[in-house]
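No value in this document is a laboratory result; all are computed from the given coordinates. Bear in mind that the values here come from a model prediction, so they are computed numbers and not experimental data. Methodologically, a virtual Cβ is constructed for each residue, glycine included, from the backbone with ideal geometry; neighbour enumeration extends over all protein chains shown.
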């Protein structure tokens, strides 16, 4: 059986040569070569069995060489579109700042002793608030600062400072001052 397979291959090879020669002759317009003598073989119906595949040799992991890495192209950043930043007037910036309501008294200090007949009560709160010092309304500057002169009597004096915001929130502080005899 192994002899028949090479014989069929040889027959197929000869047919291929004949076809190729006929094609070449047609292209060159020459007389075609006479066909080769026919090869006679027994016409037995046979099953053609392909030859077994060649054995595959296992590859050792040490022999596998990975391809060299390709240099990566750096990513181009997207173009940045610049937009102008709006500048707000200073009055608007103050309105955007939200601060907790407070009352701060900077002077005089509680339980202090003085010989003068008057003191200046100074402090601060949020702008737009109302401040009274012993019932007298204090004028606030643009930053919420106030300064109010208060007359003192000899001996102990109480000074009440009250600050109120537009929502009705109040903060108050009482300071005691002793006026010594002059």
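What nm distance separates the two modelled labels at residue 141 and residue 83, each placed 7 Å from Cα along Cα→Cβ?
3.9
If we sort 127-134, 153-160, 103-110 on the protection proxy, mean other Cβ atoms within 10 Å, highest first, what's the order?
Top to bottom by mean Cβ count within 10 Å: 127-134, 103-110, 153-160.
Pop a pseudo-label 7 angstrom from the Cα along the beta-carbon direction at both residue 166 and residue 110 and give the gap in nm to one decimal.
Roughly 3.1 nm, to one decimal.
Take residue 100, project a point 7 Å from its Cα along the Cβ direction, then tell me which residues of segment 117-161 have their backbone nitrogen under 15 Å from it.
Once the point is set 7 Å along Cα→Cβ of residue 100, 126 turn out to lie under 15 Å by backbone N, inside segment 117-161.
When the scattering of segment 96-179 is computed by the Debye formula from its Cα atoms alone, each counted once and equally, what is log10 I(q)/I(0) at q = 0.12, 0.13, 0.14, 0.16 Å⁻¹?
Computed log10 I(q)/I(0) values: -0.35, -0.40, -0.46, -0.58.
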